[in-house]
Amino acid sequence: MDRKNAELLALFEVSKILSSSFDLKYNLYQALKLLSDHLDMRRGTVTLLDEKTGELRIEVAYGLTPEQMARGKYKIGEGVVGKVVETGLPMVIPDIGKEPLFLNKTGARRIDKDKISFLCVPIKFKEEILGVLSVDRIFDESISFEEDIRVLEIVAVLISQALKLYQAYYEEKSKREELEQELRNKYHFQNIIYVSNSMSEVIKTALKIASTKATVLIRGESGTGKELLAKAIHFASQRADKPFVAINCAAIPETLLEAELFGYEKGAFTGAYALKKGKFELADQGTLFLDEIGDLPLTLQGKLLRVLQEQSFERLGGTKTIKVDVRIIAATHKNLEEMVKKGLFREDLYWRLNVVPLFIPPLRERKEDIPILIEYFLHKFCKLYDKRVKFTPEAIHELLHYPFPGNVRELENLIERLVLLSERDYLEAEEIKKFLINKNLTPDTSQNNLNLKASSMDLLKEMEELEKQRILKALKDCNFNQSKAAKQLGITRRQLHYRLKKYFQDL
């Protein structure tokens, strides 16, 4: 009974330590130590198989020096450890001094003097052999090794699960780090395309304050790239590895906006079935981007001001004060000064937000940026749609004299449309004019306005039909494998699924 109790206690403690953290080597070492403490199993090793090299190497050991561990390398089929991996079956060597298979590569045993038993079991996950668990015992002919092997096999299963869990964790961590690096590269200041002096001044100021905690207010018309600048500031700061959380204050109804910003407790209102964290809580240690801050309702402006001042808040329906460390970057296309005069925006909130003001000039005021932006977007969409399209000098001239009321976003959409629908390698000025939308229509041009709308509708149908045909072709080329088709089209599988639902509802 004492032996059974010791086994159960050892297995319980081993299972606890292996699931305690993702410090795998420490956990394995402690598991081997537990086997020694509770079951008198002396030296213990976890030897893992390197799939790339096919070599077995001691990763963790209890009772061996680092030098002895370094010598513990085997090929599959070599020695006792190699044989266990080769056969997938446990092995017991009652006396290592009488077993030629035991190689003593580590040099830790005195084979001619020590009477040691060696027990070795495979570490398997389903049918995959990951390595070997082995222990030493003092040789005793009266001992049956069946119980020891049974315990070691259970421990080996626990170790295999811990190894697979760690492997999945490490892979996800690596993917996350790769994505974070991609985001940093994508939203780096160097990726903001400009040559104008006005934009140069904006970027220079943004670079100066990026590493600080200062609140930033980005001003500019719609489509100038306010969120792009906000992300560049975040990823150039010391908070780059923390969350960047964005919320559009104009896109969410007033009744829901407070809950989105501050979260709510379970049961706070009808339908609040579970606790939900708000944007401030999600952005803790990182950056919160408040887009279209000029559309924030007056009723919420006071609450936002308190959070900015105190860096604390309560969830809806809650009483607990939650402390956060959040950097605020706000953006708006509205004239906040006029709104303050009219009583539509709190003056104290305005001054709290306007610590570092950045104004992005509209594209019509920095025309020198248009050619380089055209070149950038042309390269991007030609690569995406596998086209070779260029603009004639006259076409560039036409674009330079267009006011671009939608700014950079309108220019990007225009270039994509032109590349997508182009049937020739060169686009002339006359073709460009068909796609330019005059925003300054007067009441006397109502008929032209109707024609423009009709033309826009025809253009939309033409674009949709072309997109539909390209999707069909890609699906046929990829034998209707949606993942491969999406990759060929340069879109995600989710985007392809959305388009399939849109164009082929009857399928």
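Data table
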| read-out | value |
| --- | --- |
| The stretch 249-262 - residue that is part of a loop (DSSP other than H, G, I, E, B) and within 27 Å of the chain's Cα centre (by Cα) and, of those, surrounded by the fewest Cβ atoms within 10 Å (Cβ to Cβ) | A251 |
| Residue match in the stretch 372-393 (condition: on the phi < 0 side of the Ramachandran plot, of a type outside the set (F, W, Y) and in a strand (DSSP E or B)) | yes |
| Given (1) aliphatic (A, V, I, L, M); (2) farther than 20 Å from V157 by Cα; (3) surrounded by 15 or more Cβ atoms within 10 Å (Cβ to Cβ); (4) modelled with pLDDT under 90, index of the condition L101 fails | (3) |
| Tally, over the stretch 233-258, of residues that are in contact with a Phe, Trp or Tyr (Cβ under 8 Å, 6 or more places away or on another chain) and of a type in the set (A, V, I, L, M) | 4 |
| Top-ranked residue in the stretch 417-461 [being among the acidic types (D, E) and surrounded by 13 or more Cβ atoms within 10 Å (Cβ to Cβ); ranked as modelled with the highest pLDDT] | E428 |
| Which listed residue, of T65, T87, is over 26 Å from E146 (Cβ atoms) and either surrounded by fewer than 16 Cβ atoms within 10 Å (Cβ to Cβ) or without any contact (Cβ under 8 Å) to a residue 24 or more places away in the chain (or both) | T65 |
| One residue from A162, A240, A246 being surrounded by 15 or more Cβ atoms within 10 Å (Cβ to Cβ) and in a loop (DSSP other than H, G, I, E, B) | A240 |
| Top-ranked residue of the stretch 298-339 - restricted to ones that are of a type in the set (S, T, Y) and assigned to a loop (DSSP other than H, G, I, E, B), ranked as most open to solvent (accessible area, probe 1.4 Å) | T319 |
| Condition check for L35: touching a residue at least 60 places away in the same chain (Cβ under 8 Å), of a type outside the set (S, T, N, Q) and in a helix (DSSP H, G or I) | yes |
| Residue in the stretch 99-114 that is closer than 21 Å to L18 by Cβ, more than 38 Å from the chain's Cα centre (by Cα) and in contact (Cβ under 8 Å) with a residue 60 or more places away in the chain present | no |
| Any pair with Cβ under 6 angstrom, 6 or more apart, that starts in the stretch 388-400 at a residue that is of a type in the set (G, A, S) and ends at one that is crowded, with 19+ Cβ neighbours inside 10 Å | A395/L427; A395/I432 |
| The stretch 263-292, subset of a type outside the set (A, V, I, L, M) and open to solvent by less than 10 Å² (accessible area, probe 1.4 Å), residue farthest from A236 (Cα to Cα) | G263 |
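The values are calculated or read from the model by the stated rules, or taken from the named source; none is laboratory data. Computed from a predicted structure; not experimentally measured. Here Cβ is always computed from backbone atoms with ideal geometry, including for glycine, and neighbour counts include all displayed protein chains. In case anyone asks, the SASA skips ligands and DNA or RNA and just uses the protein heavy atoms, side chains included. Shrake-Rupley method; radii C 1.70, N 1.55, O 1.52, S 1.80 Å.
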